[in-house]
1. Could you please give the count of residues in the range 68-85 that are within 19 Å of residue 42 (Cα to Cα) and at pLDDT below 90?
2. Could you run through the range 83-125 and say how many residues are closer than 17 Å to residue 38 by Cα, surrounded by 14 or more Cβ atoms within 10 Å (Cβ to Cβ) and touching a residue at least 24 places away in the same chain (Cβ under 8 Å)?
3. So, of the residues in the range 66-82 that are in contact with a strand residue (DSSP E or B) (Cβ under 8 Å, 6 or more places away or on another chain) and outside any strand (DSSP E or B), which turns out to be surrounded by the fewest Cβ atoms within 10 Å (Cβ to Cβ)?
4. Out of the range 13-55, which residues are assigned to a helix (DSSP H, G or I), within 30 Å of the chain's Cα centre (by Cα) and either modelled with pLDDT of 65 or more or surrounded by 11 or more Cβ atoms within 10 Å (Cβ to Cβ) (or both)?
5. Condition first: touching a residue at least 24 places away in the same chain (Cβ under 8 Å) and over 13 Å from residue 100 (Cα atoms). Now tell me which residues in the range 36-47 satisfy that.
6. Looking only at the range 100-155, how many residues end up being modelled with pLDDT of 75 or more and either in contact with a helix residue (DSSP H, G or I) (Cβ under 9 Å, 6 or more places away or on another chain) or assigned to a strand (DSSP E or B) (or both)?
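The values are calculated or read from the model by the stated rules, or taken from the named source; none is laboratory data. Treat the numbers as computed from the prediction; the structure is a model and nothing was measured. Heads up, the Cβs are rebuilt from the backbone with ideal geometry, glycines too, and the neighbour counts pull from every protein chain shown.
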């Protein structure tokens, strides 16, 4: 083997060794770009302890505050919703925890049940749809032209 080839091979191995040493450090640095964000009502055990079954709506509102949302039908239910997501560098946020505290009231406004649901109890729902489904046939440009020229709708 010629000396030039030996030097080229040694240089290549040196570059490969340097890359192998630097790559884990660079990828390990991505962890420092992870940001945790919490939204909504953050449940504390002390606040929840102030609302036992049998409490009134006023006691619940005093201890927990205004609910995130309420039930729209049936018995009255107050929901306190929180969500924790993590964003790493430039990637899309990932939901890591979701809590829904549901407080069920009877007809007299007294707490009859308290349920604490987590991410494992349901599924994440995307409330923003990008398409709107329609019913019926789709009208093409040619059908519009012919129906306006004739004066009636062509089926």
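1. Total meeting the criteria: 8.
2. The qualifying residues number 10.
3. Of everything passing the filter in the range 66-82, 75 is surrounded by the fewest Cβ atoms within 10 Å (Cβ to Cβ).
4. Listed by number, the residues that qualify are 30, 33, 45, 46, 47, 48, 49.
5. 36, 37, 38
6. Qualifying residue count for the region: 15.
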